[in-house]
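J.: Dropping the structure in here first, questions after.
A short reminder: the numbers here are calculations on the coordinates, not readings from a lab. Since this is a predicted model, take the numbers as computed values, not measurements. Counting neighbours? That spans all protein chains shown, and the Cβs are built from the backbone with ideal geometry, glycine included.
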Amino acid sequence: MVSRLSRPLVFLALCLVAISTVYPLVFMAANTMRSTSAYERSPYGLPSHFSLGSFSALVNQVPFLSSLLHSLIVVVPAVVVATLSSALAAFVFTKVPVKFGNGLFWLMLMVMFMPGIVVLLPLYVEIAHAGLANNFMPAILIYTALNIPYGTYLMRANFRAIPDSVIEAARVDGGSWLHIFRSVVLPIARPAIVTIGILTFLNIWNELFISLVLLHEPSNEMLTPTLAQLSGRFGTDIPVLMAGLLLGSIPTLLLYFLTARVFIRGMLSGAVR
Amino acid sequence: MASVEFDHVTKVYPNGFKAVEDVSLDVSDGEFMVLVGPSGCGKTTLLRMIAGLEEITTGTLRIGSSVVNDLSPKDRDIAMVFQNYALYPHMSVAQNIGFALRLRKVPKAEIDRRVREAVKILGLSDWLDRKPAQLSGGQRQRVAMGRAMVREPAVFLMDEPLSNLDAKLRVQMRAEVSRIQRRLGVATVYVTHDQVEAMTMGDRVAVMHGGVLQQVDSPQTLYDQPVNMFVASFIGSPAMNLYEAALEPGVRSLRIGSQRIELPDAVRVARPGLAAYGGRTVVIGLRPEHLRTAEVTEPGATVEADVELVEALGNELQVHFTIDARRVVAEGAAEESEVVQSGEGVARVDPRAALKPGTRAAFQVDTQRMQFFDAENGTAIWG
């Protein structure tokens, strides 16, 4: 219970949290509208003159649109496959009686605790040997594989809350394991699955190092390495970088707004606890 | 429709716990068989073995003429009602009831017909589009019943389906479940820990304890002729009073504490096995209704007791008393929390009997209905 006295304090604290979250976005959006010289004079507050020059500079300096497209080509299938595979794995680990299920789960968790960079270089050597360097498919597979343990771990906690008797009722009703997964588990766990899908999207969308190593030709470069090029060794054109970051976050924001209701339900139901 | 046959079935869990031990039991086609026993007695494990949700360690299980030990639940043609109903929360009432039929690819028109027929019987016609979360406990229970009914299965399995309902609704649904079962005529195995449910619903009742089947009989036979002390104390409420008693040589009388009760010839004729117990200690069982208040004490067939508490139920008085005999508690039959003092007992007497706590009263013993058990192993003494 929040007492009458502490209520304004809680409100104040929540306002501070909200401001600290929203301010970087406002700062980014405001500075895309400034010219470089205006930014150097004062980066704070609303711009006095609105200019869209940073957006045209962005498109001229780096292959922004093609990088955005490459990112979507890699991230979308990786998120879909990783999320569905995580859900299926979590279903098996929580509801299907399999021998050594627990052992397999812990083995999988080891991958989660292993830094991606440790496996990346050996993988790259193999991919290069197979003649698949600078190809989208290995990138999709690696992103998928690296995100499955994390998704499985989070979904396992959520699936445990589904009563075993509901699964047993479906078995007695005549469902195969796959049918039970599709018709019973997926609809019940939709909020958790959507939430974990969004988090996986964020993970891969913002990832830099793997994409830098696997897809380093301009013809297939992803968004993060492209934006990283805007940060120069001797100086950075901040408004142009901000324009890139703003446009680069549109897919994530769009995804969030499209699924906000389910996402919040998923967070509240403990999908990521 | 089919019968169910357990043939020397045992279930041992990987940790070595023996949940069910050497159970042989036949449930005939159309029969309502109730499995009853205290928590952890193995009754639910037995039911889940029929469903295919638990593996059988040794023994054979048949449904109809087929051995089903290795068949998956979906191939057994059984329907099950779960204790917590296990409804699909994202589906409406109609979708819940029709789910199994959709899985079996039954034509849509046929699914609609069967669902409508079931909801009509169960009084759920107005709730077809509701989700389980929008229903009351009683309505959810009916949806669970409907889901099992539309399947038209070979066997119905019910795992304590009424235990989550309030007392009034439980009585109502008890009658409803029995009516539906008789109407469908499908072999039904019903698990409960409530002996009133067992007695009122079952054609036959199987009493289990510690994974072992104790007795399978009609409710009345279980009540009148329990095979051991466990069944005697588990069936009947208030429970049967069990006391240590010394049979005198010749078995013409017995001594219970300091009091002597004469045994008529009819007792010895009905239980020839008693002859071997002359001069030995046995356990006697007296149902509370077999102790009547005696206006005129009849020598040799009454026990005197100190009245501790009188509970008036309207149609009868339940009189809690103590006598100077050693009370026996059958292992596993009493609730853990129940504190049983030496010599305690209960009698059910006429509501007009003038009994007051703190007084001494004489109870007439119906010696012909007295039960006798071996003090060593607890088995009933008959032939």
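J.: Tell me, how many Å apart are the Cα centres for the stretch B:1-50 and for the stretch A:173-214?
T.: 40 Å
J.: Distance in nm between label sites at A:L52 and B:S125, each 7 Å beyond Cα in the beta-carbon direction?
T.: 6.4 nm
J.: Continuing with this model, one more query. Residue by residue through B:92-100, how many Cβ atoms from other chains fall within 10 Å of the Cβ on average?
T.: Other-chain Cβ atoms within 10 Å of each residue's Cβ, averaged: 2.
J.: Same structure again: Measure off 7 Å from each Cα along the Cα-to-Cβ vector at A:A145 and B:R352, then give the distance between these two points in nanometres to one decimal.
T.: Between A:A145 and B:R352, the simple spin-label model gives 9.0 nm.
J.: What is the magnitude of the charge dipole of the protein assembly as shown about its Cα centre, with +1 placed on the Cβ of each Lys and Arg, -1 on the Cβ of each Asp and Glu, and no other charges, expressed in debye to the nearest 20?
T.: 2300 debye
J.: If you don't mind, there's one more thing I want to ask. Given chain B, what percent of its DSSP beta bridges are antiparallel, to the nearest 5? Kindly include the intermediate steps, with their values, before the conclusion.
T.: Working: 57 of 75 bridges.
The antiparallel fraction comes to roughly 75 percent.
J.: Something else: Using a simple spin-label model with points 7 Å from Cα along the Cα→Cβ vector, what separation in nm is obtained for B:T60 and B:S136?
T.: 4.9 nm
J.: Out of the trypsin sites (Lys or Arg not before Pro) in the stretch B:90-187, which ones are loop residues according to DSSP with at most 14 other C-beta atoms within 10 Å? It would help to have the intermediate numbers written out before the result.
T.: Details: sites: B:R102, B:R104, B:K105, B:K108, B:R113, B:R114, B:R116, B:K120, B:R130, B:R140, B:R142, B:R147, B:R151, B:K168, B:R170, B:R174, B:R179, B:R182, B:R183; in loops: B:R104, B:K105, B:R130, B:R151.
Sites meeting the loop and neighbour criteria: B:R104, B:K105.
J.: Please rank B:E5, B:E308, fewest neighbouring Cβ atoms within 10 Å first, as an exposure proxy.
T.: B:E308, B:E5
J.: Calculate how steeply helix B:137-149 sits against the longest principal axis of the alpha-carbon atoms of chain B, using the helix alpha-carbon long axis, and give the answer as 0 to 90 degrees to the nearest 10.
T.: 70 degrees
J.: FRET efficiency for B:N15 and A:V10, Cβ-Cβ distance as r, R0 = 51 Å, nearest 0.05?
T.: Details: r = 49 Å, r/R0 = 0.96.
For R0 = 51 Å, the calculated efficiency reads 0.55.
J.: So if we plug the beta-carbon distance of B:E311 and B:V67 into 1/(1 + (r/R0)^6) with R0 = 51 Å, what FRET efficiency do we get, rounded to 0.05?
T.: 0.50
J.: Averaged over peptide B:68-74, how many Cβ atoms belonging to another chain are found within 10 Å of each residue's Cβ?
T.: Average neighbour count from other chains, rounded to a whole number: 3.
J.: Further, regarding this structure: Considering amide H positions built from the backbone, and no H for Pro or chain starts, which residues 5 or more places from B:R326, or on another chain, come under 5 Å of its amide H?
T.: Excluding prolines and chain starts, which carry no amide H, the hits are B:E244, B:G257.
J.: Using a 10 Å cut-off around each Cβ, can you sort A:V111, A:V22 from fewest to most neighbouring Cβ atoms?
T.: On the way: A:V111 15, A:V22 10.
Listing A:V111, A:V22 from fewest to most nearby Cβ atoms yields A:V22, A:V111.
J.: Under 5 Å between amide H atoms, partner at least 5 residues away or on a different chain: which partners does B:V191 have, H built in plane at 1.01 Å?
T.: Correct list: B:L35, B:M158, B:D159, B:E160.
J.: Here is a further query. With n ≥ 4 as the cut-off for DSSP H runs, can you work out [θ] at 222 nm for chain A, using -39500 (n - 2.57) per run divided by the number of residues, rounded to the nearest 500?
T.: Helices in chain A give a 222 nm mean residue ellipticity of -24000 deg cm²/dmol.
J.: Also, I was wondering about something else. If r is the Cβ-Cβ distance from A:L178 to B:V269 and R0 is 60 Å, what FRET efficiency results, to the nearest 0.05?
T.: Numbers: r = 67 Å, r/R0 = 1.11.
That gives a FRET efficiency of 0.35.
J.: What is the packing order of peptides B:343-351, A:162-170, taking the mean over residues of other C-beta atoms within 10 Å and listing the highest first?
T.: Those peptides, ordered most packed to least, come out A:162-170, B:343-351.
J.: Which ordering of B:L165, A:L212 is given by a fewest-first count of other beta-carbon atoms within 10 Å? Walk me through the intermediate numbers first.
T.: On the way: B:L165 18, A:L212 15.
The order, fewest Cβ neighbours first, is A:L212, B:L165.
J.: On a straight-distance basis, which lysines could pair with B:K168 in a cross-link, Cα separation under 17 angstrom, same-chain partners fewer than 8 positions away excluded?
T.: Within the straight-line cut-off, B:K168 pairs with nothing.
J.: Pull up the DSSP beta bridges for the protein assembly as shown and report the antiparallel fraction as a percent, rounded to 5.
T.: 75 percent
J.: If you don't mind, another one. So what's the gap between the Cα centers of the stretch B:186-218 and the stretch A:219-254, to the nearest angstrom?
T.: Going from one Cα centre to the other spans 72 Å.
J.: Not counting the cut sites, what is the longest span of chain A without chymotrypsin sites (Phe, Trp or Tyr not before Pro) that DSSP labels loop and that have at most 14 other Cβ atoms within 10 Å?
T.: A:101-233
J.: Under the rule of at least 5 residues apart or a separate chain, name every residue whose amide H is placed under 5 Å from the amide H of B:E54.
T.: The list, which skips near neighbours in sequence, is B:M49.
J.: Using Cα pairs closer than 8 Å and at least 6 residues apart in sequence, work out the relative contact order for the stretch A:62-268, in percent.
T.: Relative contact order for the stretch A:62-268 comes out at 34 percent.
J.: Moving on. Decide, for chain A, between rounded, prolate and oblate: order the square roots of the alpha carbon gyration tensor eigenvalues as a ≥ b ≥ c, take rounded if a/c falls under 1.5, and otherwise choose prolate if a/b is larger than b/c, else oblate.
T.: Oblate.
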